[in-house]
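Just so it is clear, none of the values below were taken in a lab; they were calculated from the coordinates. These numbers were taken from a predicted model, which means no experiment stands behind them. Glycine also receives a Cβ, built like all others from the backbone with ideal geometry; neighbour counts cover every protein chain displayed.
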Amino acid sequence: MTSISKNKPLNKQLNKYAQWKYWVLIVTLIILCLSALPSWYGEDAAVQLSSKTPKSLSSEQVYQVLSQAGINTKRIDQQMQNTLVVLQQADQQTLAKNILSESFADRAQVTLALAPAAPNWLLNMGFEPIKLGLDLRGGVQFLLDVDLDLVFKNQSTMVSDSVKQFVRKEHINAVLVRQGDAAEVTIETAQTDAKGQIRQFIAEQYPLWQVSGHQDMLVVSLNESEQVKLTNLTVQQNLQIMRSRIEELGITEALVQRQGENRIRIELPGVQDPASAKKVIGATASLAFYPVLETGSVNAMVLKDEQGQPVYVARNPVLSGEHIVDARAAIGDFGMSKVNISLDATGGKLMSEFSRDNIGNPMATAYSEYSRNDKGQAQQLTKIISVATIQSQLGNKFEITGAGSHQEAQQLALLLRAGSMTAPVTIVEERTIGAKFRSRKHCKWLCRIGIRHGDHLVIYGLLVSPLRVGG
């Protein structure tokens, strides 16, 4: 008997895919390669001007200002109300921003920027460089400590002063009021009736404060839950103010976040001038306006002016920095620097009413800032920068002088626009991180394609598995 068997062909392909799958893979590789090219070319340092009114700036004006300052530009792109100036040298970016800010302060807002260096044909297709972080682009990292002790001390000072006023008003004798710890006030008295009156006063006026007593002493302290709330509120307010300051500096893509209970971490990728950023980020400054009293007044507070002379002012200011919504430095008469102040509705009303009732009387402008002493404790330094006689009723816009040089006036205006810290901050760590990523030198690893990972294919950081389809 003869048997016939059919042999299978030995050269049959085991991995045979549909043709469209190969085309999908090829198109994907092309798109990913094009996506990687802008990062290969890198980015150029640039400055962007956002005009406040249409057609208020021309590229010729910008070029002329920069040329006179010796700053070279690659190109100037203008679109709608935005003007992008691409610079030849990255280390001139901060200088260019300062010059343009001073030249066009009333017409445009100037911010730092980065412009893609890729060809226009590639950018017109919608491809852009990868947004790099601090580790790849380089930059500065700050770690700030928020001093909460001073916040609690201010709260206890408020309670202590209120109790003292109440005792004087009610003619209660033999009462000693002292500040204890940061959120604590001690009251010593041997009078039982006085203890009851003080307890009732604190319960009505300060319900969040607890009163405990033993023998001849009352201890008034802020309860723990309120301390936690006050801590969170203070740090959050400082976070918001810090973000506003960084926006005023014109730094984009910055990271500002809370770290731990009372610390703030700031990352500034691509910053070329960390000294100026540090000066503004770590500063704590505010203004307050006080009525000036006669020399030797009993209820007056004594502050010193620029020459060290004492100035007697009221203990409570007419208004303080939280009512300032805008501040701009300018040059006044005789070339002296000044700061133009704009107030919110509440601040404008307070200033209007006070100035109306005090025409012909002097008003002092006090500048306050916090610093650290040798023991590391925060201390507030306040000085009078100007004393002016009120000539007429003021509104929500007026000007102050005595801020120093024009550069100092600009920095003061920046701090006032961005807000004053609700608690002083201290830079406890500063790190300058060098870039690990350089456009042409270190970009090649991003463009590698076809690197096998098991049975998958790694393409430009994406994990795809076309070989699994239809296997």
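In segment 133-244, a dipole from Cβ-located charges (positive for Lys and Arg, negative for Asp and Glu) runs towards its positive end, and of T189, H214, Q240 it is Q240 whose Cα lies farthest in that direction.
Sparse packing (at most 13 other Cβ atoms within 10 Å of the Cβ) combined with a DSSP loop state is found for the following GluC sites (Glu not before Pro) in segment 197-265: E261. Rounded to the nearest Hz, the phi-derived 3J(HN,Hα) couplings of segment 146-158 under the Karplus curve 6.51 cos²θ - 1.76 cosθ + 1.60 (θ = phi - 60°) are 8, 7, 7, 4, 5, 5, 5, 5, 5, 5, 5, 5, 4, where x marks glycine and proline.
Sorted by mean Cβ packing within 10 Å, highest first, what order do the peptides 83-96, 230-243 take?
Result, highest mean first: 83-96, 230-243.
Here the Kirkwood formula, the inverse mean of 1/r across different C-alpha pairs, assigns segment 149-226 a hydrodynamic radius of 12.4 Å.
Straight-line reach from K383: taking Cα to Cα under 19 Å and skipping same-chain neighbours fewer than 8 places apart, the aspartates and glutamates in range are E294, D305, E306, E322, E369, E399, E408.
Entry note: segment 285-420 has Rg to Rh equal to 0.96, where both radii use alpha-carbon atoms and Rh is the Kirkwood radius. Applied to segment 119-127, the Karplus parametrisation 6.51 cos²θ - 1.76 cosθ + 1.60 on θ = phi - 60° returns per-residue 3J(HN,Hα) values of x, 5, 4, 6, 5, 5, 7, x, 8 Hz, with x for Gly and Pro.
Taking each residue as 0.36 nm, the span from D91 to S162 lengthens on full extension beyond its C-alpha to C-alpha distance by 20.1 nm.
With a ≥ b ≥ c taken as the square roots of the eigenvalues of the C-alpha gyration tensor of segment 43-116, please select rounded if a/c is under 1.5 and otherwise prolate if a/b is larger than b/c or oblate if it is not?
Values: a/c = 1.61, a/b = 1.33, b/c = 1.21.
The shape class here is prolate.
For segment 95-229, lysine pairs with C-alpha atoms less than 30 angstrom apart, excluding pairs fewer than eight positions apart on the same chain, total 9. Per residue, the average separation of C-alpha pairs within less than 8 Å and at least 6 apart gives segment 285-420 a relative contact order of 32 percent.
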